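Q: Just passing along the structure, written as structure tokens.
Derivation of every value follows stated rules applied to the coordinates shown; laboratory data play no part. Because the structure is predicted, anything quoted here is derived from the model rather than measured. In this analysis, Cβ positions are derived from the backbone assuming ideal geometry, glycine residues included, and neighbour counts consider all displayed protein chains.
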Amino acid sequence: MQVTMQLFIVVAALTLIVQAGVLVLLFFQLRKTTESVNKMVGDLHSRVGPILTRTQIMLDETQPKISALVEDASHIVYLTRTQAQKFDRIATEASDRLRGQLVHIDRILTGTLEAVEDAGAQVRRSFWGPVHKASALVQGIKVGLDVLRSRRSAPPAAADTAVEQEDELFI
């Protein structure tokens, strides 16, 4: 048992030595990697630094211009909104006035058309009524004269013809 114990101690010592060697190698590799990363960061910083500086200078120079541009755009929007509201008021007022004028014109035209219609009806009653009566009277006189003429000059058969002529005139 003592041999196994000694063997175990030797194996444990060897593993500790191997682990220590691996740790030393890892240490050197990590140091080398750290130096490489530091070199790349320094190189990157030397390249990006001037770009960032130029960008900062450009932003410092353009910031007042951008602020003025935003302020002007805001003012333009305000003026545009004000003008649109004024135009809306004017357009609404004009359309209301136009609507009122159209209603007024409609009333005038309706009144005029009613007056013309009434005048036409009155003309029909006052002028065409007597004309129809006079025409009927003239027609009656004419028929009467035709009947009298036909009795004097025509035999009784001619009287039938006169009645037929009257019927034709009546139609």
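Q: If one computes the Cα centroid of region 53-87 and of region 1-28, what distance in Å separates the two points?
A: 74 Å
Q: Just to confirm a number: summing +1 for Lys and Arg and -1 for Asp and Glu over residues other than Thr82 whose beta-carbon lies under 12 angstrom from that of Thr82, what do you get?
A: +2
Q: Can you list the DSSP H helices in the chain whose Cα atoms extend at least 24 Å along the helix axis and whose mean Kyte-Doolittle hydropathy is -0.5 or higher?
A: Helix filter hits for the chain: 2-123, 129-153.
Q: Plugging the Kirkwood radius over Cα pairs into Stokes-Einstein for the chain, at a temperature of 37 °C and a viscosity of 0.692 mPa s, what D comes out in µm²/s?
A: The Stokes-Einstein estimate is 104 µm²/s.
Q: Here is a follow-up. So what is the 222 nm mean residue ellipticity for the chain from helices alone, if each DSSP H run of at least 4 adds -39500 (n - 2.57) and you divide by all residues, rounding to the nearest 500 deg cm²/dmol?
A: -35500 deg cm²/dmol
Q: Size of the dipole of the chain about the Cα centre, Lys and Arg at +1 and Asp and Glu at -1 on the beta carbon, nothing else charged, in debye to 20?
A: Approximately 720 debye in magnitude.
Q: Now for a separate question. List the lysines whose alpha-carbon lies under 17 Å from that of Lys142, not counting same-chain residues fewer than 8 positions away?
A: Lys133
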